[in-house]
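All remarks here apply to the structure that follows.
The values are calculated or read from the model by the stated rules, or taken from the named source; none is laboratory data. Please read these numbers as outputs of a predicted model, since none were measured by experiment. We place every Cβ from the backbone using ideal geometry, glycine too, and count neighbours over all the protein chains shown.
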Amino acid sequence: MEYNFTSIEKKWQQLWQEKGSYRVSNDSSRPKYYVLDMFPYPSGAGLHVGHPLGYIASDIFARYKRLKGFNVLHPMGYDAFGLPAEQYAIDHGIHPAVSTETNINNFRRQLDNIGFCFDWSREFRTSTPSYYKWTQWIFLQLFESWYDRKQAKARPIEDLVQLLEKEGNAHHPCPGEPRLRFTAVEWKGFDVRRKEEILMNYRLSYCGLGEVNWCEALGTVLANDEVINGVSERGGHPVIKKKLRQWYLRITDYADRLLEGLEKVDFSDAMKEMQSNWIGKSFGAEVTFEVYTTAGGGGVAGGGGVKPQLTVYTTRPDTLFGVDFMVVAPEHEILNSVIPDEHKAAVDEYLTYVKSRSERERMAEKKITGCFTGAYAIHPFSGLHIPIWTSEYVLAGYGTGAIMAVPCGDERDFKFAQYFNIPITNIIGDVYNGQEANPTKEAILENSDFLDGLVMKDAIVIAINRLEEKGIGIRKVNYRMRDAAFSRQRYWGEPFPIVWKDGIAVPMEEKDLPLELPHIEKYGPGPEGEGPLANVPEWTARRLETNTMPGYAGSSWYFLRYMDPHNDEVFCSRAASDYWGQVDLYIGGTEHAVGHLLYSRMWTKFLYDRGWIGHEEPYKRLVNQGMIQGSSRFVYRLELRGSHNIDELTRQTPVFVSYGLREGGGELHELVTAAVRNIFDNPNIDLTTIAVSTLHVDVNIVDGVELDLEAFKKWRSEYANAQFVLEDGKYICGSEVEKMSKSKFNTVNPDDLVARYGADTFRMYEMFLGPVEASKPWDTKGIEGVHRFLRKLWRLFFDETKGKIWTTENATDAEWKVLYKTIKKVEEATERFSFNTGVSALMIGVNEITDLNCHKKEVLEKLIITLTPYAPHVSEELWQVMGNEGSILDAPYPTVQEKYLVESSKNYPVAINGKTRTELNIALDATQQQVEDIVLADDLVKKWLEGKSPKKVIYVKNKMINVVV
RNA sequence: GCCCUGGUGGCGGAACUGGUAGACGCGCAGGACUUAAAAUCCUGUUUGCCGAAAGGCGAGUGCGGGUUCGAUUCCCGCCUGGGGCACCA
């Protein structure tokens, strides 16, 4: 009987589905375990072999936990709103709902192929009204909440209104307008509009103005990476900064808790570091400088008699006397009032340049640019006039959008000063060498007035105290993180349940949710930078918000919905969320490190604050899967330019040369020359203008690096007559590791591999490729090895001619030893997500059992239980074949019998001065003295000692022995 | 530019807490079975030198230093691949 994986896999997939084997109940006596994959966006390109990597890993773990007796929730659904579907609609006129449906069906079919244990009865899509009803509902709760910094939690906005009526906002400063102060009496005096304006500045989801990359020609807002050198990636149209009305989430209020929460979760240190760097909490001071300018009449009192001031944020107030210039962001409002006429032209020119630059470019730029404003800040202690510059390296959104530059201590400031010839003040003596800045905090300050002689890190506090005393500065905690932009001028997203009445945002009532997305036929932008919904008359007539929510809205809470997916009373019942609690294991890529993970952590904290769920961190443990890269293959095409008829010939008969003959510079390989003359039957052909161009070729028609010539000719009609110049009778392709993508022809479709080798082989091979966390290139070649392993396993049960060969004899100690050693390794590997070594342990196990010629049921059935998470289909088949009751999915995971594994001695490596010279078998319970005696008596050791007496003998039990001479 | 991360045979990788570097698999080479092929099995496979062989000596985990009896593992500096940088998801 042969290993017929296709029929086995089909059979079991069908049976499992019929029996509902993957249905999970919210009511179980077993302990719960929640395994989740990051929400997939169903892209039109379908799955390539890189996508299922994380799903296979989580599937193995979910199945493993089930065998270990847990009630395991392992759901799947779709993050179905998003830009690609909308762009596809714009390009092809297909409604996003239609293309999304098609994509999802394809996605599902591909997933089913691989044999996952998802509970599909819990599936949902973010774009379905029954789901986004609750996304809208949570948005409304955010809108109706504010963050009480005293209690460090979100509270209903009515509570705030009551407080403001009682005591004004003295105890609860306004996060959106920090300088705003009013009393209870003043509050009561405000009109409705003013009150709403103020409340908006407290709400956790709020509407404000924000700068976006605006492309007039496309009529849309662009992402930073869609803007290249100031023009749109598509079409090359100019892009400028434009202020638009936007919704935001006040995630900055949660900054501290998002930071602290990292201590309670099991994420990698790298992940935690990335998140805390993103949050970017820093301690420092805001310092306000008087400004001297001749603009608008001159003198310290600038235009109109209002004294202009410049407030900067610094983490290093100790360097206050090393300030040589100030830099304000190009967007800084001070530029409107302090520039003397003679500097206006230069500054305007600079600002025009900056407007064309994306934030990304501004941050990445090495080239130094900037412009002197003509105004000066007055040093609060020395009274010196410090020139104020503007430069793109200072960003408006961070701190106050202005910095005090200390070139001797900051590398960027130093380079700026050097470039513009600004004299540098040294406040740290010898510690600054004049060649580069020194950012130390350990130096002793000089030239620093009241800070002279102090160590810098001690001077920080003293400087802040003095600034506060003088009333020109305050201690300040700052965050790099900004509030999250929560609106898009797009169609394919959740509509905001907001009605605009006289410029006031009025939330819709819960009973009117969901606010359904209207059907549209045209996907173009609306007027004034508004989204497509602004073109829908029925929509605008109701004065509904025309923005939609961004891609991450639906994915910020989906893990809760899986717990109770069909509930239409509430987003997730408290009973369900209390039962399942945190996601125990979350698997996904690091590309979500700071976006999705922070947003969903914030939403969870918010829902917890308001009492709708009982835990405040969504994910207990996070494992990051690496990327599977593509391994591209190249062919080298000859281009014969210069003579028209030859050019025509190469079009009809394209000529490709093998990798080793391609030659880069000038000279052609003689084989090529001869071949070309032969192909075109023209000995005098002019070869001096031949060029070789490199083209991607479909990796699926290349075996290793050898091109399948016939398949290549069929690949594209223009290659039907292709001619090849071979080396050793083969066409060898070039290769390179790149991102896996259709345009590079390096994608490999899992469907093909499953058809050829089966899902079990495919699953194991994906794991065998390397650690889940690591990025690695895909190479189909090695899959044979894993497939051979499964066939070899099969041969433990069946023989081609004899049929069934497994027996019910009792196993020997040696057989038990091999089995339990294997189980132990597999179990340990699975526990620590080292699935590649898990597969390898199974291979070794099967090799050794085969070597022992063991076909005993009691050994084999334990072995296949441990194999089940990795290769469920073949395991279930063999389980049934051996006559076992019930499904192997719920079989008890075998317990390792340690008694078979006990060893009494070990072959120790013996090293002389760190170099291994021999091996000695020594009892495991040997003492130091016994070991020394044995080792020093050994002839080989004596030889290496050359008569010298050893200094010491290092003996690490169960590890090694080292003799130091 | 900033933050995170990786670099080990021809290739994917193993070595879990500083203790025999290269498990397992691919590929390659040689062999067995076969009319032949497929499948399967066996042997070898980091590298240099010596040796018919058994084996021996040396080098070796991106590069250069350091700590240690001992470093792929820890520390410092450098080179280089990948991911992220707020409207791709």
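Of the residues that make up region A:564-579, is at least one among the charged types (D, E, K, R), within 16 Å of RNA strand B (Cβ to nearest atom) and in contact (Cβ under 8 Å) with a residue 60 or more places away in the chain? No, region A:564-579 contains no residue that is among the charged types (D, E, K, R), within 16 Å of RNA strand B (Cβ to nearest atom) and in contact (Cβ under 8 Å) with a residue 60 or more places away in the chain. Within region A:491-520, the set of residues being farther than 16 Å from A:ALA553 by Cα, outside any strand (DSSP E or B) and among the small types (Gly, Ala, Ser) comprises just one member, A:GLY503. The residues of region A:202-232 that are farther than 30 Å from A:PRO178 by Cα, surrounded by fewer than 15 Cβ atoms within 10 Å (Cβ to Cβ) and within 11 Å of RNA strand B (Cβ to nearest atom) amount to a single one, A:ASP225. Picking from residues in region A:786-805 that are surrounded by 18 or more Cβ atoms within 10 Å (Cβ to Cβ) and within 9 Å of RNA strand B (Cβ to nearest atom), the one that is nearest to the chain's Cα centre (by Cα) is A:VAL786. Screening the candidates A:LEU889, A:LEU936, A:LEU940 for the property of being among the aliphatic types (A, V, I, L, M), in a helix (DSSP H, G or I), surrounded by 12 or more Cβ atoms within 10 Å (Cβ to Cβ) and touching a residue at least 60 places away in the same chain (Cβ under 8 Å) yields one hit, A:LEU889.
For region A:18-63, how many residues are outside any helix (DSSP H, G or I), more than 19 Å from A:PRO84 (Cα to Cα) and of a type outside the set (Ser, Thr, Tyr)? Show your work before the answer.
Going residue by residue through region A:18-63, those that are outside any helix (DSSP H, G or I) are A:20-51.
This time we only want the ones that are more than 19 Å from A:PRO84 (Cα to Cα), so: A:20-37, A:49-50.
From what is left, the residues that are of a type outside the set (Ser, Thr, Tyr) are A:20, A:23-24, A:26-27, A:30-32, A:35-37, A:49-50.
Adding up the residues that qualify gives 13.
Among the residues of region A:578-587, is there at least one that is under 23 Å from A:LEU204 (Cα atoms) and in contact with a helix residue (DSSP H, G or I) (Cβ under 6 Å, 6 or more places away or on another chain)? No, that holds for no residue.
From A:ARG245, A:ARG250, grab the single residue that is within 15 Å of RNA strand B (Cβ to nearest atom), in contact with a Phe, Trp or Tyr (Cβ under 9 Å, 6 or more places away or on another chain) and closer than 27 Å to A:ASP502 by Cβ. Spell out the reasoning first.
Values: A:ARG245 fails: in contact with a Phe, Trp or Tyr (Cβ under 9 Å, 6 or more places away or on another chain).
It is A:ARG250.
Here is the figure for region A:632-687: residues that are at pLDDT below 75, over 25 Å from A:GLU710 (Cβ atoms) and of a type in the set (Val, Ile, Thr) total 2. Within region A:529-540, can one find any residue that is assigned to a strand (DSSP E or B) and away from RNA strand B (no atom under 16 Å from the Cβ)? Among the residues of region A:529-540, not one is assigned to a strand (DSSP E or B) and away from RNA strand B (no atom under 16 Å from the Cβ), which makes the answer no. The single condition among (1) within 16 Å of RNA strand B (Cβ to nearest atom); (2) surrounded by fewer than 19 Cβ atoms within 10 Å (Cβ to Cβ) that A:LYS522 does not meet is (1). If only residues of region A:65-92 that are free of Cβ contacts under 8 Å to residues at least 12 places away in the same chain and more than 26 Å from the chain's Cα centre (by Cα) are counted, the one that is farthest from RNA strand B (Cβ to nearest atom) is A:HIS92. Checked against (1) within 30 Å of A:MET627 (Cα to Cα); (2) in contact (Cβ under 8 Å) with a residue 24 or more places away in the chain; (3) not aliphatic (A, V, I, L, M), A:LYS856 passes all but condition (1). Kindly indicate whether any position in region A:868-880 is away from RNA strand B (no atom under 12 Å from the Cβ), under 30 Å from A:TRP794 (Cβ atoms) and more than 41 Å from the chain's Cα centre (by Cα). Yes, region A:868-880 contains at least one residue that is away from RNA strand B (no atom under 12 Å from the Cβ), under 30 Å from A:TRP794 (Cβ atoms) and more than 41 Å from the chain's Cα centre (by Cα). When A:VAL702 is tested against (1) within 30 Å of A:ASN4 (Cβ to Cβ); (2) under 35 Å from the mean Cα position of the chain (by Cα); (3) of a type outside the set (Phe, Trp, Tyr); (4) surrounded by fewer than 18 Cβ atoms within 10 Å (Cβ to Cβ), just one condition goes unmet, and that condition is (4).
Report yes if A:ALA45 is surrounded by fewer than 23 Cβ atoms within 10 Å (Cβ to Cβ) and either assigned by TED's automatic domain parsing to the domain that holds A:LEU878 or within 16 Å of RNA strand B (Cβ to nearest atom) (or both), otherwise no. Taking the combined requirement at face value, the residue satisfies it. Looking only at region A:149-192, count how many residues are more than 42 Å from the chain's Cα centre (by Cα) and charged (D, E, K, R). Residues that pass the stated criteria total 6. Only residues that are in a helix (DSSP H, G or I), more than 6 Å from RNA strand B (Cβ to nearest atom) and of a type outside the set (Phe, Trp, Tyr) were counted in region A:761-785, giving 7. Taking region A:336-369 as the range and being outside any helix (DSSP H, G or I) and either near RNA strand B (Cβ under 10 Å from one of its atoms) or more than 23 Å from A:HIS237 (Cβ to Cβ) (or both) as the test, the residues that pass are A:SER337, A:VAL338, A:ILE339, A:PRO340, A:SER358, A:GLU365, A:LYS366, A:LYS367, A:ILE368, A:THR369. Taking the criterion of being exposed (fewer than 14 other Cβ atoms within 10 Å of the Cβ), away from RNA strand B (no atom under 16 Å from the Cβ) and assigned to a loop (DSSP other than H, G, I, E, B), the residues of region A:433-490 that qualify are A:GLY434, A:ASP452, A:GLY453, A:GLY471.
Just one of the numbered conditions (1) on the phi < 0 side of the Ramachandran plot; (2) assigned to a loop (DSSP other than H, G, I, E, B); (3) out of contact with any helix residue (DSSP H, G or I) (no Cβ under 8 Å at 6 or more places or on another chain) is not true of A:PRO380: (3). Entry remark, region A:416-431: residues being in a loop (DSSP other than H, G, I, E, B), polar (S, T, N, Q) and surrounded by 12 or more Cβ atoms within 10 Å (Cβ to Cβ) number 2 in total. Taking the criterion of being of a type in the set (Ser, Thr, Tyr) and more than 8 Å from RNA strand B (Cβ to nearest atom), the only residue of region A:829-852 that qualifies is A:THR830.
Determine, yes or no, whether A:THR128 is under 28 Å from the mean Cα position of the chain (by Cα), outside the structural domain of A:PHE762 (by TED's automatic domain parsing) and buried (at least 17 other Cβ atoms within 10 Å of the Cβ).
So A:THR128 fails the test.
Checked against (1) within 16 Å of RNA strand B (Cβ to nearest atom); (2) touching a strand residue (DSSP E or B) at 6+ places or on another chain (Cβ under 9 Å); (3) among the hydroxyl-bearing types (Ser, Thr, Tyr), A:SER99 meets all criteria but (2).
So, in region A:893-916, how many residues would count as being away from RNA strand B (no atom under 16 Å from the Cβ), touching a helix residue (DSSP H, G or I) at 6+ places or on another chain (Cβ under 7 Å) and not polar (S, T, N, Q)?
3
Of these, A:LEU533, A:LEU560, which one is at pLDDT below 95 and among the aliphatic types (A, V, I, L, M)?
On the way: A:LEU560 fails: at pLDDT below 95.
After ruling out the rest, the residue left standing is A:LEU533.
Please specify each residue of region A:327-342 satisfying the condition of being farther than 16 Å from A:THR369 by Cβ and not acidic (Asp, Glu). Within region A:327-342, A:ILE334, A:ASN336, A:SER337, A:VAL338, A:ILE339, A:PRO340 qualify.
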